[in-house]
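The block underneath contains the structure these notes are about, expressed in structure tokens.
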Amino acid sequence: MSAAAVEPIRGVRRLQRRDLPELLRHIHDPPRTLFLRGAADVEVLAWPAVAIVGARACSPYGAQVARMLGRELAAAGLVVVSGLARGIDGEAHRGALDAGGVTVAVLGCGIDRDYPAAHAELARRICERGLVVSEYERGVEPAPWRFPARNRIIAGLAAATVIVEARERSGALITADFALEDGREVFAVPGEITGMLSTGTNRLLRQGATPLTSADDVLELFGLAASQRPRMPEVGASAAAVLERLADGGASADELARTTGLEPGPLAAGLAELELAGLVAEAEGRYRAVVRAGWSGR
């Protein structure tokens, strides 16, 4: 494993166990010390929060859902907590930042390390509005056993945990177990029954986790209204037709041409408009809606 060591950090704060936020202080095994860096006040650790975690090698769909949830929940005023890992974690943080919200990243290494190194810039952005936290002091390198231990803090900071994608044996399922152990709500995004990335989430659903079909499911738990989300930008007629089709699921360009009846020129223009507006994402030749048609209250 490699981690990016940042420049010597000034202003790293340290919380003793007695000063931890109430939810974290009352988990089964609270950290003895929590180190913090970032511009946000320590009090954000006690704000209403949701953990969003999942597979590192996630699918394009999983990445899209994680970013959407991070954006929607942060826009409603919730703190988004995750682990700065590749895949679902990183996308959840990015979604919260997209909304101008607050996000907290929990490290499985020293407070002066960014792991993975590829997420050093993401960590910097998180520190501008939120916090990066760790129970490990400066100089502690990442190690495999530290990450399951880290997951108890992710779950401990949040009133609810959302698992977006997870294989049968996954660190995200460890986070879900910690959340359940502490009496917190666990949501799971349903997945394809033939997909390896859905085996863990679908098992959670069999065991009684709450199915998550939109950010509304989480907002309801906190008593927040869906109307608090930002409105979707207005789009042209071709783009609207494409977005309405994509509300039913992902599609290739050929499938979109067949089902919308649009000629190649208007279809390409509509897709370009939607991608520029951040309403559609393309991966592996398929397009997916980032926000379902009708969510914006247009």
**Prompt:** Is it true that Val235 is open to solvent by 10 Å² or more (accessible area, probe 1.4 Å), more than 23 Å from Pro60 (Cβ to Cβ) and in a loop (DSSP other than H, G, I, E, B)?
**Reply:** no
**Message:** Being hydrophobic (A, V, I, L, M, F, W, C), under 24 Å from Glu72 (Cβ atoms) and surrounded by 24 or more Cβ atoms within 10 Å (Cβ to Cβ) is the requirement here; does Ala176 meet it?
**Reply:** yes
**Asked** Based on what the data block shows, is Ala117 small (Gly, Ala, Ser) and more than 17 Å from the chain's Cα centre (by Cα)?
**Response** yes
**Prompt:** Out of (1) within 22 Å of Arg184 (Cα to Cα); (2) among the hydrophobic types (A, V, I, L, M, F, W, C); (3) open to solvent by less than 20 Å² (accessible area, probe 1.4 Å), what's the single condition that is false for Val102?
**Reply:** (3)
**Item:** Filtered residues of the stretch 120-158 (kept if surrounded by fewer than 17 Cβ atoms within 10 Å (Cβ to Cβ) and outside any helix (DSSP H, G or I))
**Value:** Glu137, Arg138, Gly139, Glu141, Ala143, Pro144, Trp145
**Asked** Based on what the data block shows, is Leu84 within 19 Å of Val133 (Cβ to Cβ), in a loop (DSSP other than H, G, I, E, B) and touching a residue at least 24 places away in the same chain (Cβ under 8 Å)?
**Response** yes
**Item:** Candidate set: the stretch 82-99, residues that are among the charged types (D, E, K, R) and touching a Gly at 6+ places or on another chain (Cβ under 9 Å); chosen: the one most open to solvent (accessible area, probe 1.4 Å)
**Value:** Asp98
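The rows are residues; the columns are (1) modelled with pLDDT under 90; (2) closer than 28 Å to Val186 by Cα; (3) assigned to a loop (DSSP other than H, G, I, E, B); (4) open to solvent by 70 Å² or more (accessible area, probe 1.4 Å).
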position	(1), (2), (3), (4)
Asp217	no, yes, no, no
Val242	no, no, no, no
Asp248	yes, yes, yes, yes
Arg258	no, no, no, yes
Gly265	no, no, no, no
Gly270	no, no, no, no
Ser296	yes, yes, yes, no
**Complete:** Those residues of the stretch 27-57 which are over 21 Å from the mean Cα position of the chain (by Cα) and in a loop (DSSP other than H, G, I, E, B) amount to Ile27, His28, Asp29, Pro30, Pro31, Arg32, Asp41
**Request:** Pull up the stretch 159-173, narrow it to residues that are in a loop (DSSP other than H, G, I, E, B) and over 16 Å from Ala49 (Cβ atoms), then point me to the one that is most open to solvent (accessible area, probe 1.4 Å).
**Result:** Arg169
**Asked** Which numbered condition trips up Ile193, out of (1) surrounded by fewer than 18 Cβ atoms within 10 Å (Cβ to Cβ); (2) of a type in the set (Val, Ile, Thr); (3) modelled with pLDDT of 95 or more?
**Response** (3)
**Request:** Say whether the condition of being surrounded by fewer than 18 Cβ atoms within 10 Å (Cβ to Cβ) and under 18 Å from Leu69 (Cα atoms) is met by at least one residue in the stretch 201-212.
**Result:** yes
**Request:** For Ala39, work out the one condition from (1) hydrophobic (A, V, I, L, M, F, W, C); (2) over 21 Å from Pro142 (Cα atoms); (3) in contact with a Lys or Arg (Cβ under 8 Å, 6 or more places away or on another chain); (4) at pLDDT 95 or above it doesn't fulfil.
**Result:** (4)
**Asked** Being assigned to a loop (DSSP other than H, G, I, E, B), among the aliphatic types (A, V, I, L, M) and either surrounded by fewer than 24 Cβ atoms within 10 Å (Cβ to Cβ) or under 9 Å from the mean Cα position of the chain (by Cα) (or both), is that true of even one residue in the stretch 70-81?
**Response** yes
**Request:** Determine whether Pro116 is open to solvent by less than 30 Å² (accessible area, probe 1.4 Å) and at pLDDT below 95.
**Result:** yes
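The values are calculated or read from the model by the stated rules, or taken from the named source; none is laboratory data. As the structure is a computational prediction, the values presented were derived from the model and not from experiment. In this analysis, Cβ positions are derived from the backbone assuming ideal geometry, glycine residues included, and neighbour counts consider all displayed protein chains. Quick note on the areas: whole protein, heavy atoms, side chains included, nothing else; ligands and nucleic acids left out. Shrake-Rupley method; radii C 1.70, N 1.55, O 1.52, S 1.80 Å.
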